[in-house]
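Q: The structure is given below, and queries will be raised subsequently.
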Amino acid sequence: MLKQLQSTLNWRGFVAIFGFFLIWYLACVLKLPGFAEMANPLEVIQMFVREYAHDDHYWLSWVTSFQRVLYGFLFAQLFGIPLGLLFGTNEKFRNLFFPVFELLRPIPPLAWVPMSILFWPTNESSIIFITFIGAFFIIVINVFDGVRDIKREHLWLALSLGAPRRVVFLRIMLPSVIPSIAVGMTLGIAITWDVVIAAEMIASDSGLGRLTWEGYVSSTPEVLVIGMISIGLAGYLSTKVVNTIESKMMPWRRVRR
Amino acid sequence: MAEGAALNTSEVHGTKSENAGIWLDQVSKSFASPDAGTIQVFQDLSVHFEPNQLHVVMGASGCGKSTLGYLLAGFISPDQGNVGLGPNPVRNPGPERLLVFQETALWPWMTVLDNVIFGPKVRGDADAKEAKHAAQGLLTKFGLADFADKYPDQLSGGMKRRAEIAQALINRPKVMILDEPFRGLDVMTREILQEYYLDLFEETRQTTVFITSELEEALFLADKIYIMGDQPARILDIIDVDLPRPRDFEVTVSKKYLEYKERAIERLFQSEES
Amino acid sequence: MSQAGSISVSNIQKIYDPEGAAVHALENCSCEIPSGKFVAMVGPSGCGKSTLLNMIAGFDKPTSGEIKLDDQLLVSANTQTPPNSDRVVVFQNGALFPWKTVLENIAYGPIVQKTRGRGQAEEEARELLNKAGNLERIAGSFPGQISSGMQRRVEILRALINKPKVLLLDEPFRAMDTVSKSKMHQHLLDIHDKFRPSILLITHDLVEAILLADVVLVMTTRPGTIKVNINVELPRPRSREMILSDEFTELQKQAIAAVHEEARKAFERGEKELA
Amino acid sequence: MIIGITSSVLLWYGLVQWTPFKAFNRLPDPLSVIIEWVSTDPDYGLSIFTKDYYLHILYSTYRATVAFFLALILGVPLGIMMGWRANFNAYAGALLDFLRPIPPLAWVPIAILILPGDEPAVIFVTFLVAFFATTLNTLLGVRSIDPDFFRAAECLGATDQDILRDIIIPGALPTIFTGLQIAMGAAWFSLVAGEMIAAQYGLGFMILESYNLVQYPTIIIMMATLGIVGYASSALIRVVGKKMIRWREQATGIGQEAET
């Protein structure tokens, strides 16, 4: 954490990020090709302070998107973790259904949009479903890999000390898989935001994704940029929260030298 | 070795009479290999490890030493033949034959103390307080009293190995099997741990099968050295090591030690050439 | 083969400063590696042996003091001669390039130094493999396909083809079993007899050190400095039977006395630092 | 395996046809999908016998390929420079870290705004995800190279150019290929969204369009096609990777040679 802070706070990093904004500003002011209709950073800030910082509609977009991410993410955990465990521990079940899972996995989550809208009664539930799909496959695969990577020595040791099956599952297998669950969570939260934003642009009238898209449609590039930055910030915050939860889940990793 | 343990070791390891010999009788074992069909690791292998001795099984890497350990511990079963402890055949893992793994098998998500009391706790043969007391006693004896509440990854390699030995000993096994327990440690730490283990053994005389690929380690510890050759694994030679006990590192410069060493090296070279 | 290659280390001090806690790795450390001699350095882990070797190789700089190669300044606090093929390192965990064949690995030095063309370099590499005991059959193998002992031999050959003045061996036989190790000792002794480079060998193994070296340097625990300097006057060529001689035993006793005290100090400190 | 797949398809059929749940009844059943897919005269105009079907595949594949190779050409050198030169990494790494939290798909509107036309915009967002994956994995690959390899090369007299050619590129290659596979998957992911939002051809576009035109079986056909094409493209990368990293194969495939 501290290290990361140091590396982003080094002066070269500042120079690079400042340079980025400067080029953006100059491109707009000089009306370079493509930038004629673009807003420059100062205009974006002005717009934000003047019209958005106090705007309920804007903050509601945050809440809406966060809710969708949260539900999609939680459902993906709720179904993904047990399914991954089942694939990992039950050979019969795996032989039966893993191929089906593998057939569905390469289909990009957003391709599910129309089916989801058809199937689910409300727009909200269909967006949550697509979000769920985005994280679900990654989580299952990670948990499954986690089960397969359990060190056989860890299981043998428990067995030879006389542990019953239930204890082996709860105290040896589950904790072994936690790091893989954590990896699935990190990847999952990033992809969830990605999916929510796209789904909102395609099939919703609310949320940060929609806000950004409307910025484009209504030719107010300031809004478009505000939307993007908000989404970036939201994604960053969620990742931080997820990382905190992960380190709480693995106290033994926190103390690693 | 750290003093000040309130615990009497015989309390922990049981009395000598509880120790038993462990054996393989005409054991065959093969494994499926992806590119070479099946590999016959053992064919009609018979070995008898007598009680109350420190047996060292020594051979080059890949000769089937670990498989031997796993068979004795009951992690794998022979295709043919029998493995047994005292008069009884064994087929499953059990707390009377405990194996200390190569590298480390401490569960990283449990503190050192939780790792050590796992056995008594899950079997329910001691109440929690009793188990904790015994574990703390052992940890103190092993110089790990200050580390009971740490996680394994906070320990140095040498400490992990000692914690693992404690994790096994608390269950009062009749036989200890150690599969290259000090591998991967630097030589100096290794030597110190060898002294540790030797002290422990000389105190308890617990039946031990110690697997290693290091000749120096074998000579320093053993009552008997079994030199193993491979494909299929067999015992090439058994050396009775008649060096005085208790031993310390002075012994490694004695004439007798060096003669044993020379003989063993000869034997090992021969086995490679054949 | 260049006949020079004497290293002189004088008054080296090295202080690492991670997060403000100054760690004195080496203090007042001086020693000599005479031209063509085999010097072994033993000491507890973390005593700064590898640091010293890295300085000679040109990977690191001292805080003060200097190291000279044939009376030329190699490193000091403000000079650092970059690594070069006159001082080649053989690494603890092996550093053969896994994506190049054995032959390509050995021929690599002359090719990148442009002292020889590819064809000629590979020809020489092949010769060297043969001289080292009919190893030509592994020329086309990748390092991952040969045993770890064989990998070490190839790595030493990869160094030798450059005719280095000094060969720096950083615990190269660590984690090998007794038989492979014993064979490696013989190979290394042969190589030293044939090519006569100066050799600095870092090891934890006393028997290995005495059997191979002309001089055994025992280092203290951190901050590292030379504790004892043991001259090994066993005749050459040497063979492993020599470990049975009284002379050897006597040397071994000397070394054990010096090393074990330091090892225990280091061990106990290591445990304390963790608590 | 076959039982698993068959029973799943049967379950799907049963749910759509025989259950009283409206939600399921609205979906197309597998039989009608397959009939439509292999029909010479499809009801909704797209089957394996129609030209348009392949046109959509071609469009999507073209976009994914262009985006992928752009990502490869820009991402790999950038990743290498970042991994090799700490100072360069201080600039580029900070900028990348700064931009990365913005999901690639959030770039769609701005891409349409700035770039001339929808086509470059779709390719741009597809490129963007692939680019991040490629760059970061290349960086990881370079960092994962054992530092002793660099030192050994220096000892042997290698110049920077030699080190780049003989150490960095071969050493990072396995990780680069892992990255390329991830990049390919991510590219398809973005492409579909991009096509849904701003394209007139392509699989993603057709999925949404079929929904608007109430041609439900076509949606499933397009989804399945996407799955197949996506899978094939990452399989292709895997095969190329295996070919290029021959030493890894051999090192683990064949047993250890005997020692003298």
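Q: Under 16 Å from the Cα of C:Lys227, which lysines turn up, not counting those fewer than eight places away in the same chain?
A: Within the straight-line cut-off, C:Lys227 pairs with C:Lys49, C:Lys253, C:Lys265.
Q: As an exercise, identify the trypsin sites (Lys or Arg not before Pro) in region D:1-71 lying in DSSP coil whose Cβ has no more than 16 other Cβ atoms within 10 Å.
A: Of the trypsin sites (Lys or Arg not before Pro), the ones in loops of region D:1-71 whose Cβ has at most 16 other Cβ atoms within 10 Å are D:Arg26.
Q: Do any trypsin sites (Lys or Arg not before Pro) in region C:106-143 lie in a DSSP loop with no more than 15 other beta carbon atoms within 10 Å, and if so, which?
A: Sparse-neighbourhood loop trypsin sites (Lys or Arg not before Pro): C:Lys114.
Q: How much of the pair distance distribution for region D:135-201 lies past 15 Å, counting alpha-carbon pairs only, in percent?
A: Tail of P(r) above 15 Å: 61 percent of Cα pairs.
Q: Over the Cα atoms of chain C, Rg to Rh with Kirkwood Rh, two decimal places?
A: 0.97
Q: What total accessible surface area, summed over both chains, is buried at the interface between chains C and D, computed with a 1.4 Å probe and given in Å² to the nearest 100?
A: 2900
Q: Given R₀ = 45 Å, FRET efficiency for D:Thr19-D:Leu55 by Cβ-Cβ distance, to 0.05?
A: Efficiency, rounded to the nearest 0.05: 0.75.
Q: Over region C:89-163, what relative contact order in percent results from Cα pairs under 8 Å that are six or more residues apart?
A: Dividing the mean separation by the residue count of region C:89-163 yields 47 percent.
Q: For chain A, what are the per-bin percents of Cα-Cα distances with bins 10 Å wide, up to the bin holding the maximum?
A: Taking every Cα pair in chain A, the percentages come to 7, 23, 26, 23, 14, 6, 2, 0.
Q: Also, quick follow-up: What are the membrane-span-like helices in chain D by this rule: whole DSSP H runs, Cα extent along the axis at least 30 Å, mean Kyte-Doolittle hydropathy at least -1.0?
A: D:51-84, D:118-143, D:169-198, D:216-244
Q: Taking a cut-off of 20 Å between Cα atoms, list the lysines near B:Lys129, but don't count ones fewer than 8 places away on the same chain.
A: In chain and number order, the partners are B:Lys121, B:Lys141, B:Lys150.
Q: Just want to confirm a number: the relative contact order over chain D, from Cα pairs under 8 angstrom separated by 6+ residues, in percent.
A: After rounding, I find 21 percent.
Q: A follow-up question, please. How much of the DSSP beta bridge set in chain B is antiparallel, as a percent to the nearest 5?
A: 55
Q: Next up: Would you calculate the convex hull of the Cα atoms in chain D and tell me its volume per residue in Å³?
A: 189
Q: Could you work out which residue, out of B:Val56, B:Val100, B:Val241, moves most in a Gaussian network model of chain B, that is, has the largest mean-square fluctuation with Cα springs under 10 Å?
A: Comparing B:Val56, B:Val100, B:Val241 in the GNM, the peak value goes to B:Val241.
Q: Tell me the Kirkwood radius of region B:124-212: reciprocal of the mean inverse pair distance over distinct alpha-carbon atoms, in Å.
A: Kirkwood hydrodynamic radius for region B:124-212: 13.9 Å.
Q: Let me have the relative contact order for region A:1-156, percent, based on Cα pairs under 8 Å that are six or more residues apart.
A: 24
Q: About the Cα centre of region C:50-201, what is the dipole size in debye to 20, counting +1 per Lys and Arg Cβ and -1 per Asp and Glu Cβ, all else neutral?
A: 220
Q: Further question on the same structure: Calculate the mean, over all residues of peptide D:88-99, of how many other protein chain Cβ atoms lie within 10 angstrom of the residue's Cβ.
A: Mean partner shielding for this stretch: 6.
Q: Viscosity 1.306 mPa s, temperature 10 °C: Stokes-Einstein D of region C:140-210 from its Kirkwood Cα radius, in µm² per second?
A: 124
Q: Using the heavy atoms of the protein chains and a 1.4 angstrom probe, tell me the accessible area per residue for the protein assembly as shown in square angstrom.
A: With the other protein chains kept in place, the protein assembly as shown gives 42 Å² per residue.
Q: Also, I was wondering about something else. Counting only protein heavy atoms and a 1.4 Å probe, tell me what percentage of the protein assembly as shown's accessible area is made up of carbon and sulfur.
A: Ligands and nucleic acids excluded, carbon and sulfur give 58 percent.
Q: Using a Debye calculation, one point per C-alpha and no hydration shell, please list log10 I(q)/I(0) for the protein assembly as shown at q = 0.06, 0.10 Å⁻¹ in order.
A: -0.60, -1.35
Q: Here's a follow-up. Tell me, which longest segment in chain B has none of the GluC sites (Glu not before Pro) that fall in DSSP loops with at most 16 further Cβ atoms within 10 Å?
A: Value returned for the longest uninterrupted segment is B:104-274.
Q: Can you tell me the dipole magnitude for chain B around its Cα centre, using point charges on the Cβ only (Lys, Arg +1; Asp, Glu -1), in Debye to the nearest 20?
A: Roughly 620 debye for chain B.
Q: Measure up C:Lys37/C:Lys68; B:Lys256/C:Lys183; C:Lys163/C:Lys194; C:Lys131/C:Lys163; B:Lys160/B:Lys224 against 21 Å on the Cα-Cα distance and list the ones that go over.
A: Beyond 21 Å between Cα atoms: B:Lys256/C:Lys183; B:Lys160/B:Lys224.
Q: Largest first, please: the extent of the C-alpha atoms of region B:106-167 along each principal axis, to the nearest Å.
A: Over region B:106-167, Cα extents along the principal axes are 31, 23, 17 Å.
Q: Just how far, in whole angstrom, is region A:73-128 from region A:167-244 if you go by their alpha carbon centroids?
A: 18
Q: Zone of C:Glu32 (label point 7 Å along Cα→Cβ, backbone N under 15 Å): which residues in region C:205-219?
A: It comes to C:214-217, nothing else.
Q: For the Cα atoms of chain C, what angle does the longest principal axis make with the long axis of helix C:246-274, in degrees from 0 to 90, nearest 10?
A: In chain C, helix C:246-274 runs at an angle near 70 degrees to the longest axis.
Q: Checking the cross-link filter: which aspartates and glutamates have an alpha carbon closer than 12 Å to that of C:Lys272, excluding same-chain neighbours under 8 positions apart?
A: Correct list for C:Lys272: B:Asp146.
Q: Taking only Cα atoms, what is the 0 to 90° angle, nearest 10, from helix A:174-203's long axis to the longest principal axis of chain A?
A: Long axis of A:174-203 versus the principal axis of chain A: about 30 degrees.
Q: Averaged over peptide B:187-196, how many Cβ atoms belonging to another chain are found within 10 Å of each residue's Cβ?
A: 5
Q: Spelling out what I want: for every residue of region C:163-175, take phi, set θ = phi - 60°, compute 6.51 cos²θ - 1.76 cosθ + 1.60 (Karplus), and round to whole Hz; glycine and proline get x.
A: 6, x, 6, 10, 10, 10, 10, 9, 6, x, 9, 4, 6
The values are calculated or read from the model by the stated rules, or taken from the named source; none is laboratory data. These numbers were taken from a predicted model, which means no experiment stands behind them. Note: ideal-geometry Cβ built from the backbone for every residue, glycine included; neighbour counts use all protein chains shown. All accessible areas refer to the heavy atoms of the entire protein, side chains included, with ligands and DNA or RNA removed. Shrake-Rupley method; radii C 1.70, N 1.55, O 1.52, S 1.80 Å.
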